[in-house]
Amino acid sequence: MASKTNNIVVDLAKQLDVVDKEFQTLQILNEEGEIVNQDAVPDLTDEQLQELMRRMVYTRILDQRSISLNRQGRLGFYAPTAGQEASQIASHFALEKEDFILPGYRDVPQIIWHGLPLHQAFLWSRGHFQGIQIPEDLHILPPQIIIGAQYVQTAGVSLGIKKNGKKSVAITYTGDGGTSQGDFYEGINFAGAYQVPAIFIVQNNQFAISTPREKQTAARTLAQKAVAAGIPGIQVDGMDPLAVYAAVKEARERAINGEGPTLIETLTYRYGPHTMSGDDPTRYRTKELDSEWEKKDPLVRFRKYLENKGIWNEEMEEKVIEQAKEDIKEAIKKADAAPKQKVTDLISIMNVELPSNLKEQYEIYKEKESK
Amino acid sequence: MAQMTMIQAINDAMRQELKRDEKVLIFGEDVGKNGGVFRATENLQAEFGEDRVFDTPLAESGIGGLAIGLALEGFRPVPEIQFFGFVYEVMDSIAGQMARYRFRTGGSYKMPITFRSPFGGGVHTPEMHADSLEGLMAQTPGLRVVIPSTPYDAKGLLISAIRSDDPVIFLEHMKLYRSFRQEVPEGDYTVEIGKADIKREGKDISIISYGAMVHESLKAAEELEKEGYSAEVVDLRTVSPLDVDTIVASVEKTNRAIVVQEAQRVAGVAANVVAEINERAILSLEAPVLRVTAPDTVYPFSQAESVWIPNYKDIIETAKKVLTF
């Protein structure tokens, strides 16, 4: 019996090609510090460009010092940030003070630049309740530990912003692994359904601890996951501060104008381990890959760009480095002066109104602590 | 005063609070036009608009995240989880996130959120709808867990929950939604969270219970009365925190107690009540405190509910063991 050839109703493979083609990587500044996309260059003054460089240099020093402080036992949990400065600092640079940041665990620099005092960030790392007591008028959450949870909460914060009629946005960060979580999809889907002012950043640093990006999903880009939620998505060179800034700036304007949420994937790399708690990247990454990404370094290319413009030099950079080191020293001193935590402190931050069991336990511990 | 079922009382509580405080928001699956699958939110969207009462996409974790985010922006969210058996999908938002945010921010933020949800057995739902999962909630620091047994309590407790600046899990037993009516005052009134209620006075034994089991306990008390035993029925109303003062006062009066829950036996609310009695009133006891619970199986297939869920006969049997110890 002759077998019947199946008719092709829909060219399924072609569907993927169509989607894939739409997600090209936005780059403005190449590895040599040259503008490759003149039309997309963001409108930043020389002072703003210098400030962005200053923040990236400062953050790199903060990372180096944090790693050595951790090794000396003077900091606790720490997730290194070197390599991701363009994704973290340039994205934050496009925000305003009134915007609400929902960070992932590696996104401490953004909340510091938003206004969290450095000594508090150190206290958070050490595991002290004063670490993220949120200063008045600072719109941030503590770094999220449960991967993806910040995405659904961002849908809620941004819906609240919309209902309150504010001209601000909620912005959140996760990594490549985070896009595999259910909460990632629920977050962008809710945000799309309610057309809220939200910006969802995926810092695709190629590895979720040790699991490479290609094992997370068959999707060619993470940005295209936005399509299913009916929201725009864009992939940018996450080592290019100008591209990251431009993408976030545009997403923010859209959000403020009531045009809804945006998903932004930044292609980046963390030079260090996942965290300082025993991760060894040589188990899953090659030296070749490391050096390939180090050539794309955001500081190197931005420095070249600014030097060519004649608005940056070694002396300026030295000054930033000295300032960072000085600030860190001061902040550690301040963190050292924090009071020792008591169980009664912990009980009193549980609820607005303590339930009867905690009231009773408070008295028991108060008695113990007075001895 | 009007005669109301529990579902009407719950609906009325939400209406009062929507009217009183413009920051109150009600949302969940099918709560808008449809008024909820049990009609708990009936007419609320029509009365208060889609901005205040709205449907969500079908995703419980998303609903939880939405509630947390809205609370951070100054709202007073009252999300509905359509059936409490679906709570596992939103456990991170509830137990991992909402219950901890005040603590994690060193007391900076508050979470004035009330999660409402139907739960409890005996109404032949499909599987994974009716489980009594209050123990999971009661074991989570930071949450208050409220379970009313009457229309009057339901309205007053729900109003208190919505006004609370701390997160509350408000569980509504499905079997009680329309099983009887009661006089319920119009307008607003509150019933304090964390306070038990003596639903029947007695002097020989305390039957401590909550939710639908309060009614089985009352039935058992009537039967015991015929045999000459005077049973006191304590309705916990809040299973976390426990009202240990009321529990202990009752036990000190009767010197005997049993604890009745619809949930399975292991690590449950009843075990906690027994522990509190042991720690605080052991010298008042004339007999061990026994429990009446469901067995430690998975929640049963609907045709087996009648043999699985504890009933007044089980309560009488256990009460007699304690009374004749």
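Residues that are in contact (Cβ under 8 Å) with a residue 40 or more places away in the chain and more than 13 Å from A:GLU265 (Cα to Cα) were ranked within segment A:212-226; the one that is most open to solvent (accessible area, probe 1.4 Å) is A:GLN216. If the condition is being farther than 23 Å from A:THR268 by Cβ, part of a loop (DSSP other than H, G, I, E, B), among the aliphatic types (A, V, I, L, M) and at pLDDT 95 or above, then segment A:91-136 contributes only A:ILE134.
Checking each residue in segment A:156-183 for being more than 23 Å from A:LEU267 (Cβ to Cβ) and not in a helix (DSSP H, G or I) picks out A:ASN164, A:GLY165, A:LYS166, A:LYS167, A:SER168, A:ALA170. Can you say whether B:VAL53 is of a type outside the set (Gly, Ala, Ser) and within 14 Å of chain A (Cβ to nearest Cβ), as far as the supplied structure shows? When the stated conditions are applied, B:VAL53 passes them. Per the conditions (1) in contact (Cβ under 8 Å) with a residue 60 or more places away in the chain; (2) touching a helix residue (DSSP H, G or I) at 6+ places or on another chain (Cβ under 8 Å); (3) assigned to a helix (DSSP H, G or I), the sole criterion not satisfied by B:LEU136 is (1).
May I ask you to say which residue of A:TYR185, A:TYR151, A:TYR194 is within 11 Å of chain B (Cβ to nearest Cβ), over 15 Å from B:GLY69 (Cα atoms) and touching a residue at least 24 places away in the same chain (Cβ under 8 Å)? Steps first, please.
Numbers: A:TYR151 fails: over 15 Å from B:GLY69 (Cα atoms); A:TYR194 fails: over 15 Å from B:GLY69 (Cα atoms).
The match here is A:TYR185.
Residues satisfying the criterion are present in segment A:339-354 (criterion: without any contact (Cβ under 8 Å) to a residue 40 or more places away in the chain, away from chain B (no Cβ under 14 Å) and surrounded by fewer than 13 Cβ atoms within 10 Å (Cβ to Cβ)). Considering the conditions (1) under 17 Å from the mean Cα position of the chain (by Cα); (2) within 11 Å of chain B (Cβ to nearest Cβ); (3) open to solvent by less than 10 Å² (accessible area, probe 1.4 Å), A:GLY160 is excluded by exactly one of them, (1).
Restricted to segment A:164-182, and to residues there that are within 13 Å of another protein chain (Cβ to nearest Cβ) and open to solvent by 20 Å² or more (accessible area, probe 1.4 Å), the residue that is nearest to B:GLY74 (Cα to Cα) is A:ASN164. Within segment B:141-158, can one find any residue that is assigned by the TED database to the domain that holds B:ILE68, open to solvent by 20 Å² or more (accessible area, probe 1.4 Å) and free of Cβ contacts under 8 Å to residues at least 60 places away in the same chain? Yes.
What residue, of B:ILE198, B:ILE162, B:ILE207, B:ILE193, is aliphatic (A, V, I, L, M) and part of a loop (DSSP other than H, G, I, E, B)? None of the other options fit; the residue is B:ILE193.
In segment A:166-180, the residues that are within 18 Å of A:GLU253 (Cβ to Cβ) reach residues that are among the charged types (D, E, K, R) and open to solvent by less than 10 Å² (accessible area, probe 1.4 Å) with C-beta atoms within less than 8 angstrom, at least six apart or across chains, in these pairs: A:SER168/A:ASP99; A:VAL169/A:ASP99; A:ALA170/A:ASP99; A:ILE171/A:ASP99. Kindly establish whether A:LEU52 is more than 18 Å from A:LEU299 (Cβ to Cβ) and either in contact with a Ser or Thr (Cβ under 9 Å, 6 or more places away or on another chain) or assigned to a helix (DSSP H, G or I) (or both). No: the conditions fail for A:LEU52.
Every condition in (1) open to solvent by 60 Å² or more (accessible area, probe 1.4 Å); (2) closer than 30 Å to A:PHE207 by Cβ holds for A:ILE321 except the one numbered (1).
When residues in segment B:196-252 are screened for being of a type in the set (Phe, Trp, Tyr) and crowded, with 24+ Cβ neighbours inside 10 Å, 1 of them pass. The residues of segment B:28-47 that are assigned to a helix (DSSP H, G or I), open to solvent by 40 Å² or more (accessible area, probe 1.4 Å) and touching a helix residue (DSSP H, G or I) at 6+ places or on another chain (Cβ under 9 Å) amount to a single one, B:GLU47. In segment A:66-89, the condition of being of a type in the set (A, V, I, L, M, F, W, C), open to solvent by 30 Å² or more (accessible area, probe 1.4 Å) and in a strand (DSSP E or B) is met by no residue. One residue alone among A:PRO142, A:PRO103, A:PRO117 is more than 12 Å from chain B (Cβ to nearest Cβ), under 13 Å from the mean Cα position of the chain (by Cα) and either open to solvent by less than 50 Å² (accessible area, probe 1.4 Å) or over 27 Å from A:ILE231 (Cα atoms) (or both), and that residue is A:PRO103.
Filtered by the rule that a residue be within 12 Å of another protein chain (Cβ to nearest Cβ) and in contact with a Leu (Cβ under 8 Å, 6 or more places away or on another chain), segment B:123-146 gives B:VAL145, B:VAL146. Looking across segment B:70-122, the residues that are at the interface with another protein chain (Cβ under 7 Å from one of its Cβ atoms), open to solvent by 10 Å² or more (accessible area, probe 1.4 Å), touching a residue at least 12 places away in the same chain (Cβ under 8 Å) and under 18 Å from B:MET137 (Cα atoms) come down to B:ASP92, B:ARG102, B:PHE103. Which of the residues spanning segment A:286-300 are of a type outside the set (Val, Ile, Thr) and over 25 Å from A:ILE89 (Cα atoms)? Within segment A:286-300, A:LYS287, A:GLU288 qualify.
The values are calculated or read from the model by the stated rules, or taken from the named source; none is laboratory data. Because the structure is a prediction, the values reported are computed rather than measured. Counting neighbours? That spans all protein chains shown, and the Cβs are built from the backbone with ideal geometry, glycine included. The area values use the complete protein model at the heavy-atom level, side chains included, leaving out ligands, DNA and RNA. Shrake-Rupley method; radii C 1.70, N 1.55, O 1.52, S 1.80 Å.
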